[in-house]
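Working notes, beginning with the structure itself.
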Amino acid sequence: MKNKPQLSAEQQEELIKILKTRFEKNPNRHENIKWEDVQKKLESNPEKLWSLNEMESTEGEPDVIGYDKKTNEYIFIDCSLESPKGRRSLCYDRDALNSRKGNKPTNSAVDLANEIGIEILDEEQYRELQSLGNFDLKTSSWVKTPDEIRKLGGAIFCDKRYNTVFLYHNGAESYYAARGFRGVLRI
């Protein structure tokens, strides 16, 4: 995303405080990761703080869930119990949005993810998140759809019911008040 806005020093400080509190409340999500290391990385990447703030402001509750040694990046994922409230009622992508004749949603999941500067979780990332807790027990989340499914007009989403993660399909142009998307950001 070009010319992404940056947060003021005060906004950065407030966001880092929120992220630190969440990090400390949920140690099972990031074993063997030290907050001091995460904070240094955050402070040296102010453009990523803007994306994290957007994740936070849409009620995604981003938290660190891992560290990639190969790329030297911390992995933040939306950890809200339900699909982020500020990212629901969206069809899957721009093509799906354009194909709707009436009752169009305000945006698509793929477009909003791009605007925020994050990626939609894929199925594997979604299942990894579910190994850290119980998410989407009442809602569902679009996940990155393979091209071969998307070319045929479909899109996929996941949720957790009966202590099991389910993968479903729907027309990409569909949207529901209880379906949003979760994002991932690498810093």
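Points to keep in mind about this one:
- Charges were assigned to the Cβ only: +1 to each Lys and Arg, -1 to each Asp and Glu. The resulting dipole of the range 62-145 about its Cα centre is roughly 440 debye.
- R0 of 25 Å, Cβ-Cβ distance TYR162-ASN32: FRET efficiency to nearest 0.05: 0.20
- Overall form of the range 1-135 per C-alpha gyration tensor (a/c, 1.5; a/b vs b/c): prolate
- For the range 123-187, trypsin sites (Lys or Arg not before Pro) are listed when DSSP marks them as loop and at most 12 other Cβ atoms sit within 10 Å of their Cβ; the list is LYS138, LYS151.
- Over the range 34-187, relative contact order from alpha-carbon pairs under 8 Å, at least 6 apart, %: 29
- When DSSP beta bridges are restricted to pairs lying wholly in the range 109-187, around 80% turn out antiparallel.
- For the range 27-76: rounded, prolate or oblate by the Cα gyration tensor [a/c cutoff 1.5]: oblate
- Calculated from backbone phi, Karplus (6.51, -1.76, 1.60) coupling profile of the range 85-95 in Hz, x at Gly/Pro: 4, x, 9, 10, 6, 10, 6, 6, 9, 4, 4
- Of the accessible area of the range 1-114, computed with a 1.4 Å probe over protein heavy atoms only, carbon and sulfur atoms account for 44 percent.
- Over the range 86-158, relative contact order from alpha-carbon pairs under 8 Å, at least 6 apart, %: 24
- Simple rule: put +1 on each Lys or Arg Cβ and -1 on each Asp or Glu Cβ in the range 1-91, find the dipole, and look at SER83, THR71, PRO27; the Cα lying farthest toward the positive end is THR71.
- Measuring between alpha carbons in the structure, the pairs from LYS40/LYS144; LYS48/LYS160; LYS34/LYS70; LYS34/LYS69; LYS41/LYS69; LYS85/LYS144 lying more than 23 angstrom apart are LYS40/LYS144; LYS48/LYS160.
- Alpha-carbon centroids, the range 44-76 and the range 155-183: separation in whole Å: 23
The values are calculated or read from the model by the stated rules, or taken from the named source; none is laboratory data. All of these numbers come straight from a predicted model, not from anything done at the bench. Using ideal geometry, Cβ is built from the backbone for each residue, glycine included, and neighbour counts are taken over all protein chains shown. Surface areas here come from the heavy atoms of the whole protein model, side chains and all, with no ligands, DNA or RNA. Shrake-Rupley method; radii C 1.70, N 1.55, O 1.52, S 1.80 Å.
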